[in-house]
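The values are calculated or read from the model by the stated rules, or taken from the named source; none is laboratory data. What you see is a predicted model; the values in this text were computed from it and never measured. Positions of Cβ are generated from backbone atoms using ideal geometry, with glycine treated the same way; all protein chains shown enter the neighbour counts.
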Amino acid sequence: MSDDSIVVETTRRIFADLADPQTLTSATDDAWKAGLWSALEAAGLTLAWVPEAAGGAGAEMADGFDVLRISGQYAAPAPIAETLLAALTLARAGIALPEGAMTVGPIRDGDVLRLADGKITGRARAVPFAAEAAHLAAMVEDASGVAHVALIPLGEAAATARDADLGAARADLHFDGAVPAALAPAPADFGAEDFRRLGAVIRVQQMAGGLETALDLCTRYVQERVAFGKPIGKFQAVQQNLARLAGEVAAALTAASSSADTLARWTEGDADITPEDLFLECAAAKIRAGEAANEGAAIAHQAHGAIGFTNEYVLQRFTRTLFGWRDDFGGEARWALNLGNAMAARGADALWPALTRR
């Protein structure tokens, strides 16, 4: 991330002013949401990846990834990531963008939306911000397996709120003959796999940002919490755990930076990036960031003790959201299986060159 970027500074300022995590954790209502979303829209951040000719900001892919990492540092209290991806998907397919927030789907392993006679059936589980967004940008497939991009009003779905709150007010959506507001074939250079891959890298950026904040919370807490006459951060066991957490954060940040750079270069047509490079980077990043989220959340809660689980304290806001992001666009097991199969198919002699060429 370039700290000198005006996009970075604008994003950081908006979230710092309007989405302080501890303030929102203790808020008694959702009145703050309208102001935050208005500020993000006014700054052009929600349509950053959409070309200017289509009504967007025309920003570089790298700028959008910077925005996403900062949104992760604040546990993404608005559907900015979902709207970024939805708007790019619709723009690539030549579909006019609706006003307001959007979400995306399907994003969980095994979920499929099918298209027949112009209508859509199927399910999309754990859709984030389903109650706040007006439209779903979805990848759907017809009977021949051809991918299409659909803009679906969320009023066409039967929504069931998720019992387990993993951040972003998620809901399971069921479609039974839903009529899309717009439909177009997915372009050759942005099909279902491209959608899934970009979604995975988006979540990697957010997980890295969320882990950064978890580490900061832990560092401050162990310096303030006193036991046996001294801050608990002075105890060797606590210091060791914080070092482990810092290592997980560093791994997630490295995965985020490398995958974002590779995907941005691929999008810009860099001939040095092969399809195999892109798949390896994205798969490895989603696997490693997911592992870091799992291990990092455990360490952060151990450092905080019981207070970390309380609704009044901000840590739970981050760890719940991290677990939601971890499973979006494929969990570690699915990506690891696909990566293992791909490397095995290429043969043993191709393994080392694939790992070292980047």
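So here's what we get for this one:
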quantity: Any hit, segment 232-247, residues being in the same structural domain as Leu198 (by TED's automatic domain parsing), among the hydrophobic types (A, V, I, L, M, F, W, C), touching a Lys or Arg at 6+ places or on another chain (Cβ under 8 Å) and crowded, with 20+ Cβ neighbours inside 10 Å; calculated: no
quantity: Residue list for segment 94-141, restricted to those being in contact with a Phe, Trp or Tyr (Cβ under 6 Å, 6 or more places away or on another chain) and not in a strand (DSSP E or B); calculated: Ile107
quantity: Test: residue in segment 89-99 that is under 12 Å from the mean Cα position of the chain (by Cα) and either at pLDDT 95 or above or in the same structural domain as Arg125 (by TED's automatic domain parsing) (or both); calculated: no
quantity: Of the criteria (1) touching a residue at least 12 places away in the same chain (Cβ under 8 Å); (2) under 30 Å from Asp66 (Cα atoms), which one Gly247 fails; calculated: (1)
quantity: Positions within segment 219-241 being touching a helix residue (DSSP H, G or I) at 6+ places or on another chain (Cβ under 6 Å) and under 30 Å from Ala200 (Cα atoms), in sequence order; calculated: Asn241
quantity: Check on Val104, among the hydrophobic types (A, V, I, L, M, F, W, C), out of contact with any helix residue (DSSP H, G or I) (no Cβ under 9 Å at 6 or more places or on another chain) and modelled with pLDDT of 95 or more; calculated: no
quantity: Residue ID - modelled with the lowest pLDDT, chosen from residues in segment 130-141 that are closer than 22 Å to Leu88 by Cβ and surrounded by fewer than 24 Cβ atoms within 10 Å (Cβ to Cβ); calculated: Glu132
quantity: Scan of segment 171-228 for residues that are among the hydrophobic types (A, V, I, L, M, F, W, C), surrounded by fewer than 18 Cβ atoms within 10 Å (Cβ to Cβ) and without any contact (Cβ under 8 Å) to a residue 60 or more places away in the chain, ordered by number; calculated: Ala188, Val226, Ala227, Phe228
quantity: Filter result for Gly72 (closer than 28 Å to Glu212 by Cα, without any contact (Cβ under 8 Å) to a residue 40 or more places away in the chain, surrounded by 23 or more Cβ atoms within 10 Å (Cβ to Cβ) and out of contact with any His (no Cβ under 8 Å at 6 or more places or on another chain)); calculated: no
quantity: Qualifying residue in segment 339-349 (condition: touching a residue at least 40 places away in the same chain (Cβ under 8 Å) and under 25 Å from the mean Cα position of the chain (by Cα)); calculated: yes
quantity: Exclusive hit being assigned to a strand (DSSP E or B) and either modelled with pLDDT of 95 or more or in the same structural domain as Phe318 (by TED's automatic domain parsing) (or both), set Leu215, Leu173, Leu211; calculated: Leu173
quantity: Yes/no for Ala59 being of a type outside the set (S, T, N, Q), surrounded by 15 or more Cβ atoms within 10 Å (Cβ to Cβ) and more than 12 Å from Val7 (Cβ to Cβ); calculated: no
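Rundown of residues vs (1) among the acidic types (Asp, Glu); (2) farther than 18 Å from Gly72 by Cβ, yes/no style:
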| site | (1), (2) |
| --- | --- |
| Ser257 | no, no |
| Glu268 | yes, yes |
| Ala292 | no, no |
| Thr310 | no, yes |
| Leu322 | no, no |
| Asp327 | yes, no |
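The rows are residues; the columns are (1) part of a loop (DSSP other than H, G, I, E, B); (2) modelled with pLDDT under 95; (3) farther than 22 Å from Asn338 by Cα.
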| position | (1), (2), (3) |
| --- | --- |
| Ala283 | no, no, no |
| Arg288 | no, no, no |
| Gly296 | no, no, yes |
| Ile299 | no, no, yes |
| Asn311 | yes, yes, yes |
